[in-house]
Every structure is written in C-alpha cells, then in structure tokens.
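Notes follow the structure.
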Amino acid sequence: MALKVGFVGTGGIATRHLDNTAKRKDIQMVGYADVALDRARECAEKYGGAAYDDFIKLYDEQKPDVIVICTPPFAHGEIEEEAASRGIHFFVEKPVAVSMELANRVQAAVEKSGIATQVGYMFRFSEATRKVRELLQGRAIAMVQAHYYMPGLPPPAWWPFMAKGGGQLVEQATHMLDLGRFFAGDVDSVIAMTSTVRRWTPIPAGYESPDRMLAYADEMDIPDVTGMVMRYESGALGTLSCSIVPQGKWDNGFKVVAEGLLVTVEGPNASWCGDEVGEMKAAECWPEYVLYELYDQVIAGTTETSVPYIEGVKSLGISLAGYESVKRGGCQVRVADLM
C-alpha cells in the first residue's frame with residue numbers, strides 16, 4: 001500500500017517538496033492545507049488529492065501517514081502538536097519555531113507520541129558534507145568559520161519582522177549553524193552583535209519590486225548584518241557572519257581548520273587539503289535526500305531519522321542565544337540556559 005502524504009503550507013519551499021514527492025511511485029499525495037485555499041486547490045489539481053483551508057480537516061479526513069509542513073516560522077506549533085497527537089509522522093522546514101518555549105513544547109509532544117520526525121536541514125545530506133564529516137572524525141577541530149550572504153530581503157511579507165520570521169539568524173543562517181554542529185558538535189556559548197547599515201524604509205518613489213530579493217520594505221525591524229563568535233563544547237571556536245544587504249549573489253559556506261586538514265565548503269560542495277587532498281560535488285538530486293529519508297524510514301517501520309525534531313531545537317537554540325547576547329550588550333550566553 002502506498003504511503004499517504006499530506007502537505008500543510010503549499011507556497012515557497014513547498015514547491016520543491018511537492019515536486020520531489022510526486023516523483024515517488026510508492027507515495028500517494030492525499031491532501032493540501034493552506035490559508036490561501038486557491039493555492040491548495042492548484043496543488044490538488046496538479047498532484048491529485050483534496051484541498052483544505054484547515055489542516056485539522058486534512059488530518060481527520062485524509063488520515064495521512066506523513067505530513068510535510070512548509071509554513072512560515074510564526075505558524076508552527078499547533079500543526080505539529082496535532083499531528084503528533086494523531087500519530088502522524090512529520091517533516092518540517094527550518095526553523096522549527098521562533099521561540100524556545102514553542103520548540104520545547106512541540107518536542108515534548110513528539111517524545112510523547114513516538115512518531116518519526118525530520119527537519120529540513122538539507123545540507124547535512126550532501127555527499128560532500130558527509131565526506132567532510134567523515135574526514136573530521138577523530139581530529140582536533142580548531143575553527144569553524146561560516147558565512148551566509150544573501151543578495152537582499154526575501155519577498156514574503158512576514159520576513160522583515162522578528163516576531164514572525166525570527167530574523168536572518170533564525171530563518172536562513174540557521175543552515176550554517178546547523179552544519180557547524182554537524183561538523184564540530186554542539187555549541188556551548190555565543191557572543192553576538194548586530195547592526196543595520198542601510199536605509200530599508202520607506203520604499204523610494206519609482207521603485208519596482210522584483211519577483212525575488214527586495215531592496216526595500218514598507219516596514220522592517222530586523223538587523224541587516226550579524227556577527228557571532230561561538231565556543232563549541234569540544235573547545236573549538238567558530239564564527240558566523242551574515243548579511244541581507246543587497247549585492248550580487250547568494251554566497252554561503254565554511255572553512256574548517258582541523259589538525260592536519262583545511263576544509264572549504266561552498267554550498268553543498270567541498271574540497272580539502274592537508275594529510276588528505278580531494279574534492280567532492282553533491283549529486284544534482286541532493287536536495288531530495290532529506291525528505292526521502294523520512295519517507296523511507298516510515299515505510300520501513302522505523303522512527304529513526306538523521307535530523308529528528310530535537311536537532312532543529314538545538315540549532316534554533318544557537319540562533320536565539322545570539323540574539324539574547326545582542327540584548328545583553330554582547331555578553332556571552334550559554335545555549336543550554338535557553339534550552
């Protein structure tokens with residue numbers, strides 16, 4: 001019998017997960033819930049299944065085995081908790097929440113239910129990043145230097161507001177913080193500073209908003225540049241610099257300095273030199289892996305996944321520790337104190 005899969009939130013990143021799910025012949029796409037009902041109906045027409053403006057109706061009428069959650073950050077919480085209470089396994093896009101209180105509440109529901117969960121930290125699944133992690137095992141890691149530079153402000157109306165999207169540390173640079181954990185282990189403490197270096201509001205006369213990254217917003221309360229220093233539990237140090245100031249392209253990656261090895265990670269690809277020399281590129285289909293693993297594990301009857309919900313909680317904790325450090329004037333903040 002085919003695995004029954006439903007979707008909550010059908011805009012933005014959901015497009016990738018919808019298309020990748022449709023490739024699987026062992027999956028039946030049974031329904032789509034979105035506050036914009038027309039968008040859900042478009043999915044139903046394209047992929048088959050039913051459309052809803054209420055995820056509870058989707059859960060109760062279609063009884064999916066797995067739910068794929070692609071809602072804005074501020075909408076998380078009840079969607080996951082109601083899935084867990086019904087024994088529905090779920091995939092959820094990062095970030096898992098905009099507050100530790102909510103993330104911990106959902107984690108408690110997940111633990112009580114025993115369901116399988118997966119968080120969309122796709123960079124962990126690239127063949128190249130997995131090879132890097134293998135090469136780093138057993139070595140003393142000295143420095144994890146990460147950056148995440150975006151060519152402007154993403155178009156969703158909620159993105160410029162800390163309470164809705166969480167700011168760049170929570171909504172996008174979380175990929176780099178999570179990958180740092182993947183390479184070097186958990187972070188003990190954080191020191192951070194933020195700034196806003198350009199004028200984003202009001203929108204100038206004659207400005208035409210592009211389809212993608214924006215240079216202006218009607219309102220905005222998030223910083224446009226952030227710098228962080230991290231101490232890992234291993235003793236390694238790390239840095240993260242991130243920016244949304246408009247420029248030429250997306251640019252994200254790592255340098256990892258370890259005993260006998262210098263690693264460079266650019267997106268999903270990597271190269272290394274030292275006592276070993278090499279390079280590796282991710283397969284073209286690498287973004288599929290993070291979702292497919294959950295499907296495969298549920299089909300196999302196991303709840304073990306590579307990035308369960310608790311991993312999303314831990315990575316969120318680093319982002320929020322960064323913002324807490326900013327609130328305290330750049331003081332050191334222990335991640336465990338927020339968990």
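The values are calculated or read from the model by the stated rules, or taken from the named source; none is laboratory data. These numbers come from a predicted model, not from an experiment. Ideal geometry is used to build each Cβ from the backbone, glycine not excepted, and the neighbour counts take in all protein chains shown. Quick note on the areas: whole protein, heavy atoms, side chains included, nothing else; ligands and nucleic acids left out. Shrake-Rupley method; radii C 1.70, N 1.55, O 1.52, S 1.80 Å.
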Cα-centred dipole magnitude for the chain, charges only on beta-carbon of K, R (+1) and D, E (-1), debye, nearest 20 = 400 debye
Given charges at beta-carbon only (K, R positive; D, E negative), |dipole| of segment 196-295 in Debye | 380 debye
Equivalent ellipsoid semi-axes - Cα gyration tensor, segment 43-144, angstrom | 32, 18, 13
What whole number of Å gives the distance from the Cα centroid of segment 51-116 to the Cα centroid of segment 292-335?
-> 15 Å
So which GluC sites (Glu not before Pro) in segment 235-309 are both in a DSSP loop and have at most 13 other Cβ atoms within 10 Å of their Cβ?
-> GLU259, GLU276, GLU284, GLU304
Sparsely packed trypsin sites (Lys or Arg not before Pro) within segment 173-254, loop by DSSP, other Cβ within 10 Å at most 15 = ARG198, ARG199, ARG212, LYS249
Residues of segment 9-148: accessible area per residue at 1.4 Å, in Å²?
-> 42 Å²
In whole Å, largest first, the alpha carbons of segment 159-283 cover along the principal axes 57, 33, 22
Ranking PHE183, ASN20, PRO287 by how far each Cα lies towards the positive end of the charge dipole of the chain (+1 on Lys and Arg Cβ, -1 on Asp and Glu Cβ), the top one is PHE183
From the residues TRP272, THR196, THR117, which one has its Cα farthest along the dipole of the chain in the positive direction, the dipole being from +1 and -1 charges on Cβ of Lys/Arg and Asp/Glu about the Cα centre?
-> TRP272
How about segment 187-277: which chymotrypsin sites (Phe, Trp or Tyr not before Pro) there are in a DSSP loop, with at most 13 other Cβ atoms within 10 Å of their Cβ?
-> TYR207, TRP250
Just the projected area, averaged over all directions, of the convex hull on the alpha carbon atoms of segment 1-41: how many nm²?
-> 2.7 nm²
Heavy atoms only, probe 1.4 angstrom, no DNA, RNA or ligands counted: give me TYR121, TYR289 ranked by accessible area, highest first.
-> TYR289, TYR121
Write down, largest first, the equivalent ellipsoid semi-axes of segment 237-329 in whole Å, where each equals the square root of 5 times an eigenvalue of the alpha-carbon gyration tensor.
-> 27, 24, 16
Which one of GLN62, GLY301, ALA157 has its Cα pushed farthest toward the positive end of the charge dipole of the chain, where Lys and Arg give +1 and Asp and Glu give -1 at the Cβ?
-> ALA157
Place a +1 charge on the Cβ of each Lys and Arg in segment 11-162 and a -1 charge on the Cβ of each Asp and Glu, then give the dipole magnitude about the Cα centre in debye, rounded to the nearest 20.
-> 800 debye
Peptides ranked, highest mean first, by Cβ atoms within 10 Å: ranges 172-179, 61-68 = 172-179, 61-68
Grab the Cα-Cα distance for LYS25 and GLN145, subtract it from 0.36 nm times how many residues apart they are, and report the gain in nm with one decimal.
-> 39.1 nm
In whole Hz, what ³J(HN,Hα) sequence does segment 310-318 give by Karplus (6.51, -1.76, 1.60; θ = phi - 60°), x for Gly and Pro?
-> 4, 5, x, 5, 5, 5, 4, x, 5
Measure out, as a whole number of angstrom, how far apart the alpha-carbon centroids of segment 221-265 and segment 3-48 sit.
-> 34 Å
Restricting the count to DSSP beta bridges whose residues both fall in the chain, what percent are antiparallel, rounded to a multiple of 5?
-> 60 percent
